[in-house]
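Below is one structure, written out as structure tokens, with a few remarks after it.
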Amino acid sequence: MSARVSPLREPWVDGGKTLARITEDVCAPLERGPAPSWYWGLGASLTALLIGKIVVVHQIWTGIGTWGLNKTVGWSWDITNFVFWVGIGHAGTLISAILFLFRQKWRTSINRAAEAMTIFAVMCAGLFPLIHMGRPWLAYWVFPYPNELGPLWVNFRSPLLWDVFAISTYFIISATFWYVGLWPDLATVRDRSQGLRKKIFGVLSLGWDGSHRSWSRYETMYLLLAGLATPLVFSVHTIVSFDFATSVIPGWHTTIFPPYFVCGAIFSGFAMVMTLMIIARKVMRFEEYITLRHIDAMCKITLLTSMIVALAYGTELFMAWYSGNPYEQFAFLNRIYGPYRAGYALMVFCNVLVPQALWFKAVRRNPLWVFPISILINVGMWLERFVIITVSLHRDYLPSSWTMYYPTYVEIGTFLGSFGLFFTCFFLFCRFLPMIACSEVKAISTFAQENRETPRG
Amino acid sequence: MADRDFLVGVFVCEQDLLAATHAAREAGFKIHDAYTPYPVHGMDEAMALPKTLLPRLCFLFGAAGLLLAVLFQCWVGLIDWPMNIGGKSFGARPALIPIAFELTVLFAGLGTVISFLVLRRLFPGREPECAGLGASDASFVLAFATPETEQLRGTLNRLLLERGAKSVREASSR
Amino acid sequence: MNSERDDIEAQDRRDLVRRGSFLKGMAASFAALSGGGCVFRPPEGKVVPLMEQPAGVFPGETLWYATTCGACTASCGALVKVRDGRPIKLEGNPEHPLSRGGLCARGQASVLDLYDSHRLRFPLLDGKEASWAALDAFVSERLNGVAVLSETIVSPTLRFAVERFLKKFPGSRLVEYDSLSASAILDAHARTHGVRTLPAYHLGKARVIVSFDADFLGSWISPVEFTKDWSPNRQPEREWDTMSWHAQFESRLSVTGANADLRVPLRPSEQYETLRQIGLAVASLVFWKGPKPPAGEPSSLNAAAVSDTAGQLARAAGRSLVLSGSPDAATQCLVNWINAMLGNYGETLVLDPAGLQKRGSETEFDRLLGDLEKGAVKGVVVLSGNPVYDHPKGAELAKFLDSAKLSLSLSGRPDETAVRCRAVAPDHHPLESWSDAEAVSGVLSLSQPAIAPLYSTRAAIESLSLWAGEPMSALDALRGRWKKSVLPGADFERRWHEALRKGVVLSDVKNPKNLRFDGRVLERLSPNPLRSAEGGFELSAYASPVLGDGRQANNPWLQETPDPISKTAWGNYASFSPEDAAKLGIVEGRVVRLSAGAASIELPAQIQKGHARGVVSAALGYGRTHAGPVAANFPVQKMLPVEREELSGADLFPLTAYSSVRVESTGRMSAPAKTQTYDEMSDPITGRRRPMVQETTLQDYFKDATSGRGKAMEVGPSLWPAHDYPGPKWAMAIDLNVCTGCSSCVVACGLENNVPVVGKAEVRKSRDMHWMRIDRYYNENGETAFQPMLCQHCDNAPCETVCPVLATLHSSEGMNMQVYNRCVGTRYCANNCPYKVRRFNWFDYAHEDLTQNLALNPDITVRTRGVMEKCSFCVQRVQSAKADARAENRAVTDGEVRPACAQSCPADAIVFGDLNDPKSAVAKKLGDPRSYAVLSELGVGPSVFYMTKVRNKKV
């Protein structure tokens, strides 16, 4: 068969699989029990989640004072983690929506997992604005609901309120997009199973039967959703960057933040996707679906975004010097030479220097290289947010208020907990839902392509 | 058409399905529907499906979201509760944009999906048509309303088999 | 937007106002009534609720009574604010001729002492609760040949009672001492003028002030009075020569030194010789023929400073003043000599009428110890003060207290002295008792009770007269004495009530003695005895302006208010010059041991710019063992994390017996609790100066009134039209020239607005809650500038825009308002505030001492956990003033509204008012070329303006 494979493009799925074989492989994790490594993974995640739960309860019970914040530094790890997680999410939408619009066929093997990652990341992100409030039990006050408090509405000028709308919209649309993509595969699982699972998947699949009348509208809808999600993904991190860009604090008040943040988000997001995929393809035995070529492709995007981020760093420094604004200039000198200089140096190392290794195909195609690189990039991107938020705050206008910030075990535990939540969700997803977009992979499989290109005589 | 009976041809690959569909329509048979594991391009033409409404609906929902967002914010800022916030004028227009945009996307997205479900009458607990023929796995199924006369039935049967149907059989929608 | 509320308040007030004059006139009787119906009551009496409402007293209505501040012997005039029978705030009495409406941090905070649950609630016999009867029985049979030991008695009535008591018991005598002693000044005048007295100083008349270690703006003798005198002469608005020139020669950087035009670090041991050289220079300038003093220790002072200072003094002969805080009589004689040569006596300092704030005598105290040793004195009655703690020889005294036939303390607190006494007859808190005070002869002020005694205590006057066998109430004693010697003649009742209303009476001193300076003493001066054999560092022990001698060490507000210079709260520390610190190899926070003779204490080190080399300085008043839980740095609130430390700070008094100490570094560290951790005006990386404080010299100022503006960036045009403020637009102007940094405003603000106290551990985490703080900066020349910093109420407030729930927005009168119950606590506003004046409730900050909740201001919400708070321009005062004005159908007059900070400021540095009224004082200030707004280049449009600091660098 492989003799008849199109010379134009090597297939994105190895081993010239038949459609039936693809169904088998994708549904396998659901049907046969998972590998022991899965249990270890889930156990670790649940432990982290529990730790997070304990410290968050303690914090809400006692007060934000259990964090290391003070009169000068009002935000630090909380909002750093928030921006970090929102950023992670962006890669998912990018892969599912933007690569779809660009007809990047290779997305099909990873888009399902990437979208799932988006949803879980946004969940983690949403946690922080909630618990960082002094009175989280009043969090619902940020929604403009008709109330008995006389005319009393929210402040539509506040970037935090824009966040509320952006993040919730982003979550709803991503979740919808993901669920819509799942219907055909849920139907596949339904048709293969009996008893309770058949019932559950029957309900979830909304009676999908692969009717072509559905398919044709379905594709239109999917295209429309992709078209909507694309500007959405840009808007979300743009608005997150407004939290800082619209303020008056030197180091925050920066007009290049929107593109800067969006690229950073995609950068960190792809790093996280690679981290997950490299684990998943081993643990779930999907090497033939998530191939080295996939990783290669993702590495290229990572490299590109890394260089955009590097450009942003340079531009910031240039603008600080060029603006002639002494406060602005000090803010950036303070990042480089101030008490937190180690953070800045490590950030540049992880985000600018390390990704340069991806110029080499040998590195891009070797998970043993890519995995540590992707981890380092995530470290670097977390530090970027810390540098922007905390280091700008701790020394702003009046020297009398300058002070230092040190995290407490509560903040560290909460951060750990967010990872626990993220990976718990992800492990459960791998186990109980088709992790690879079955129908999409079928459409691009060797089998399908052959039987498209050569009509039988 | 719940308990209508169908005559279905089951194919193993998409271009046989396409060929059969074309032929059957030329032969004047009325195609009920086709069931495939993935969207087969060219079927729209083969089945001569009408263009879908979804893009227009999507636009309408988006417009509704935009309008709601802008009007509500203006009403709050200018009429219901004008407050001096940071010295900015009551209807500071640039501040309206982010939320207006988000609501546009939200309404358009949800609206499109809901209209799709309504148009296709998909809902939790719906019985899939022609289930059990492996359309969700690896088979490509072409379904016809069973022709009245024996002779017509035979012609269609033959036509399908010639076009490479693995099998032709009677099926019911449940 | 508050119009309805105004109307309602106005409604309430109309009828009251009709009664206004009556209210004032009858203040006295209300004082009695508001306190529970009777003032002289049997000791076992209780505070009973009013059976019937006394006329004119309305629930929720504020009443003001004139009284005298009892926090120290300076005895400033005070107005006590009484709400529903509870005194909740002390403010300066504008009618008092000395304090003139000012009140220092300690005075402001003393209202919390009243509600301190650590006070004594009943008499003690051998440490156990006793009935008054039992105590009186125990005491009265042991009263022969006792010594009454007391800090300076400023109350003539109490002094009279003591004298009667002493007459009754032959062989007994009165010994006065002062924890912050001025004994040397009195002794010096005994030698140079033949009368042992403290002069009354008139700094207002002095064009040139040269001070040696006398912290007269901070804690020396009568700081509020002196600040009131000093500040008007610091206004450069007047023509050239009327801004006074102030030189400070001192061993450590004091508040006074920080405000001086010329400041010279000087070791205490060099003071004598420096004064002598200045004296000789003056002598040659004024052709002094008299004898000259012998030389002392060589001084490191450069000749230029000496001749400059002498020149300035001589040029302002008769209008100059030399002061010294030295404990050495010889040195003080030189001061008197110079003042005499310049003819300052009778002008800037007067011996008759004299100052009566300090009468203590070290020699008397030593004689008492000797007599106790010999057994010539059988017992000690400690009338007031806490000698065991706050006298260098306290430990020796304590020995005798244990063994003496009678050791009796009248202290209202179980302090270090009381716990060593066999019997304790607790005195009232000043706010509970009738008394009077004469701080400067001829100026008599009254104290009236603002509340009935909370506990079973008894006025000292009553105790003494009872033991003397002629019991009478304090009120009777007071009225009796005043009828006889203060308000003699007809119509006593009317004048008595008038006196009660005003709180002060001036009685002219009859035929003042004209005392002449006798120069013969000069040859006999023993050259400076300060230098002690053991070498090491010279010790400079001082009283900080916020904690003084430590009698209020259990006062949470004073403990939390940072020292104006070091910005360190909760505890003292040993300050060194940077050079010495480098020499010793110690860093900030390193714990050092100071030891001399038997005494030895450990303190964290603090590196202080402008500190004299070879000197270590530390504050008195800390390290008290029996002051109470706060002084021992226990949690202010149970939920708060606390680093348990034995004490906040260490007790310096024992060391003050020595003039120099050994210093060795222990390995340990103890980070001081600082509210400001960066001290410079310029940043540490570019070294570029930031323009928040703008300063110039007098010469430049007269060349260009707008000089010293730095290079502040210009504000661009606004993108949107500004909102207009049809009504008043409130604004504040702060004059950096006269702000001394005394921190009285910080305490006043905290008490007025129920600002929580958070404790040492939290302050260490930079979580102090002060709405009003005083930033202290050093400029490139090492000169100091103070800048009160509070919410600037920006017209384009960055904080308002970012709040998602509109918990902070702008009022129609230009105020930035914080809506506590709407706040969800995102802290975004605080992040976006360029001035960092917003404060967040990290925990629930309730008083650990629940009694102190009685001092809370009922006009102000107590904020809960998770809520942002900040300065409100005392909006409650604005509202009540508006209501009053409405009730009388008039506009609010300029100066009618005074926020707590402005009201308390002894230097009148803060002016508040309506910018829309062109005639208002604040509008005039804004028109002044010196006025500028901090960070105006951000275009936030602050409503607080500052006046450029002008330094009078004549030389």
With θ set to phi - 60°, apply the Karplus curve 6.51 cos²θ - 1.76 cosθ + 1.60 along region B:153-164 and write out the HN-Hα couplings as whole Hz, x wherever there is a Gly or Pro.
-> 4, x, 4, 4, 3, 4, 3, 5, 4, 4, 7, x
If every Lys and Arg gets +1 and every Asp and Glu gets -1 at its Cβ, then about the Cα centre region C:62-114 yields a dipole, in debye to the nearest 20, of 80
Listed by chain and number, the residues whose amide H is under 5 Å from that of B:Phe11, excluding neighbours fewer than 5 places away on the same chain and using placed H, are B:Phe140, B:Val141, B:Leu142, B:Lys166
In nm, give the distance between the simple-model label positions of A:Lys282 and C:Ala722, each being 7 Å from the Cα along the Cα-to-Cβ direction.
-> 6.6
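I'd like the antiparallel share, as a percent to the nearest 5, of DSSP beta bridges with both residues in region C:183-355. Working shown, then result.
Values: 3 of 18 bridges.
If we restrict to bridges inside region C:183-355, about 15 percent are antiparallel.
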Rg ratio (alpha-carbon, reference 2.2 N^0.38 Å) - region A:1-149 | 1.53
Give, as ranges by residue number, the residues of region C:593-630 whose backbone N falls under 16 Å from the point 7 Å along Cα→Cβ of C:Val587.
-> C:604-608
Can you pull the three principal axis extents for the Cα set of region B:54-119, in Å, largest first?
-> 49, 18, 14
What does a probe at C:Val862 reach in region C:552-589, counting residues whose amide N is under 12 Å from the point 7 Å along Cα→Cβ?
-> none
What percent of all Cα-Cα pairs in region A:346-428 falls in each 10 Å bin, counting up from 0?
-> 15, 30, 32, 17, 5, 0
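How large is Rg/Rh for the protein assembly as shown, to two decimals, with Cα atoms and a Kirkwood Rh? Each step should come with its number before you reach the end.
On the way: Rg = 41.9 Å, Rh = 37.9 Å.
Computed over Cα atoms, the ratio is 1.10.
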Provide, in order from the shortest bin, the percent of all Cα-Cα pairs of region C:183-355 in each 10 Å bin, continuing until the bin that contains the maximum pair distance.
-> 11, 42, 39, 8, 0
Counting each DSSP H run of 4 or more residues in chain C as -39500 (n - 2.57), what helix-only mean residue ellipticity at 222 nm follows after dividing by all residues, to the nearest 500 deg cm²/dmol?
-> -7500 deg cm²/dmol
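Calculate, for region C:537-674, the solvent-accessible area per residue in square angstrom, rolling a 1.4 angstrom probe over the heavy atoms of the protein chains.
Numbers: 4320 Å² over 138 residues.
Accessible area per residue, region C:537-674: 31 Å².
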HN-Hα couplings for region C:69-77 via Karplus (6.51, -1.76, 1.60; θ = phi - 60°), in whole Hz with x for Gly/Pro, come out as 5, x, 6, 7, 6, 5, 6, 5, x
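Based on the Cα coordinates of chain A, what is the per residue volume of their convex hull in Å³?
Working: hull volume 81.0 nm³, N = 457.
That works out to 177 Å³ per residue.
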Quick calc: nm separation of the 7 Å Cα→Cβ label points for B:Ile97 and A:Leu416 -> 4.4
Evaluate Rg over Rh across region C:537-674, taking Cα atoms for both radii and Kirkwood's formula for Rh.
-> 0.95
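Length gain on complete extension for the stretch C:Glu888 to C:Lys483, per 0.36 nm per residue less the alpha carbon to alpha carbon distance?
Numbers: separation 405, 0.36 × 405 = 145.80 nm, distance 3.85 nm.
Extra length available between C:Glu888 and C:Lys483 comes to 141.9 nm.
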If the convex hull of the alpha-carbon atoms of region A:114-270 is projected onto planes in all directions, what is the mean projected area in square nanometres?
-> 13.5
Under a no-solvent Debye model with one identical scatterer per Cα of region C:62-114, what's log10 I(q)/I(0) at q = 0.16 Å⁻¹?
-> -0.38
Go through region A:111-157 and flag every residue whose accessible area shrinks by 40 Å² or more with all protein chains in place compared to the isolated chain (probe 1.4 Å).
-> A:Gly134, A:Arg135, A:Trp141, A:Pro151, A:Leu152, A:Trp153, A:Asn155, A:Phe156, A:Arg157
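Exposed loop GluC sites (Glu not before Pro) only (DSSP loop, at most 16 other Cβ atoms within 10 Å): please give the longest stretch of chain A free of them, not including the sites.
On the way: sites that count: A:Glu148, A:Glu287, A:Glu288.
With a cap of 16 other Cβ atoms within 10 Å, the longest stretch comes to A:289-457.
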Considering only C:Leu478, C:Trp496, C:Ala468, whose Cα is most displaced toward the positive end of the charge dipole of region C:455-507, charges sitting on Cβ of Lys, Arg (+1) and Asp, Glu (-1)?
-> C:Trp496
Farthest toward positive dipole pole in the protein assembly as shown [+1 Lys/Arg, -1 Asp/Glu at C-beta], among A:Leu358, C:Ala376, C:Tyr701 | A:Leu358
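Rounded to the nearest 20 debye, what is the charge dipole size of chain C about its Cα centre when +1 sits on each Lys and Arg Cβ and -1 on each Asp and Glu Cβ? Mind showing how you got there, number by number?
Details: 111 positive and 108 negative charges, 144 e Å.
My answer is approximately 700 debye.
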Compute the distance in nm between two label points, each set 7 Å from the Cα along the Cα-to-Cβ direction, one at C:Glu680 and one at B:Ser89.
-> 4.6
With a 1.4 Å probe, how much accessible area is buried between chains A and C, both sides summed, in Å² to the nearest hundred?
-> 4900
Over all Cα pairs of region C:265-332, the Kirkwood radius sets Rh, and Rg/Rh then becomes 0.94
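Once the piece of chain linking A:Lys198 and A:Leu304 is laid out straight, how much longer is it, given 0.36 nm per residue of separation minus the C-alpha distance between them?
On the way: separation 106, 0.36 × 106 = 38.16 nm, distance 4.45 nm.
My answer for the length gained is 33.7 nm.
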Would you kindly give the portion of the calculated P(r) for region B:1-150 that falls above 28 Å, as a percent of all Cα pairs?
-> 47
The alpha-carbon center of region B:11-35 and that of region C:430-470 are separated, in whole Å, by 112
Förster-model FRET efficiency, 22 Å R0, C:Glu95 and C:Asp917, C-beta, rounded to 0.05 | 0.25
Calculated FRET value between B:Glu150 and B:Ala48, using beta carbons and R₀ = 22 Å, to 0.05 = 0.20
Pick out, from A:Ala44, A:Trp106, A:His90, the residue whose Cα sits farthest towards the positive end of the charge dipole of region A:1-124, with +1 on the Cβ of Lys and Arg and -1 on the Cβ of Asp and Glu.
-> A:Trp106
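Could you run the numbers on buried accessible area between A and B, total for both chains, 1.4 angstrom probe, in Å² to the nearest 100?
Details: alone 21020 and 11530 Å², together 27120 Å².
Protein heavy atoms only, the A-B interface buries about 5400 Å².
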Net charge, C:Pro298 excluded, C-beta distance under 9 Å - Lys, Arg +1, Asp, Glu -1 | -3
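Measure off, as a whole percent, the carbon and sulfur share of the 1.4 Å-probe accessible area of region C:62-114, all protein chains present.
Numbers: 560 of 1040 Å².
Here carbon and sulfur together make up 54 percent of the probe-accessible area.
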Return the sequence-ordered ³J(HN,Hα) values of region C:869-874 in whole Hz as given by the Karplus equation 6.51 cos²θ - 1.76 cosθ + 1.60 applied to θ = phi - 60°, using x for Gly and Pro.
-> 9, 5, 4, 10, 6, 6
Long-range amide H partners of B:Ser172, meaning residues 5 or more apart or on another chain whose placed amide H is closer than 5 Å, are B:Phe6
So how strong a dipole does the protein assembly as shown carry about its Cα centre when Lys and Arg Cβ are +1 and Asp and Glu Cβ are -1, to the nearest 20 debye?
-> 1220
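How compact is region C:86-166 by the rule of thumb for globular proteins, expressed as Cα Rg over 2.2 N^0.38 Å? Each step should come with its number before you reach the end.
Values: Rg = 17.8 Å, N = 81, 2.2 N^0.38 = 11.7 Å.
Taking N as the residue count of region C:86-166, the ratio is 1.53.
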Using a Förster distance of 60 Å, the FRET efficiency for C:Glu373-A:Met404 (Cβ separation, nearest 0.05) | 0.60
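Between beta-carbons, use under 15 Å as the cut-off and find the net charge around C:Ile565, counting Lys and Arg +1, Asp and Glu -1. Spell out each step's value before the answer.
Numbers: positive: C:Arg252, C:Arg263, C:Lys567, C:Lys609, C:Lys674, C:Arg773, C:Arg776; negative: C:Asp213, C:Asp215, C:Glu250, C:Asp563, C:Glu588, C:Asp679, C:Glu680, C:Asp775, C:Glu783.
Spelling it out: positives minus negatives among the neighbours equals -2.
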Residues of region A:376-400 that bury at least 50 Å² of accessible area, probe 1.4 Å, when all protein chains are present rather than the chain alone, are A:Tyr397, A:Leu398, A:Pro399, A:Ser400
Sites matching trypsin sites (Lys or Arg not before Pro) across region C:253-325 that sit in DSSP coil, with at most 13 neighbouring C-beta atoms within 10 Å | C:Lys289
Ratio for chain C, C-alpha Rg to 2.2 N^0.38 Å, reads 0.92
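The values are calculated or read from the model by the stated rules, or taken from the named source; none is laboratory data. Since the structure is predicted, the reported quantities are computational estimates derived from the model, not experimental observations. Neighbour counts are summed over all protein chains in view; Cβ atoms, including those assigned to glycine, are modelled from backbone coordinates with ideal geometry. For the accessible areas, the whole protein counts, side chains as well, though only heavy atoms, and no ligand, DNA or RNA atoms are used. Shrake-Rupley method; radii C 1.70, N 1.55, O 1.52, S 1.80 Å.
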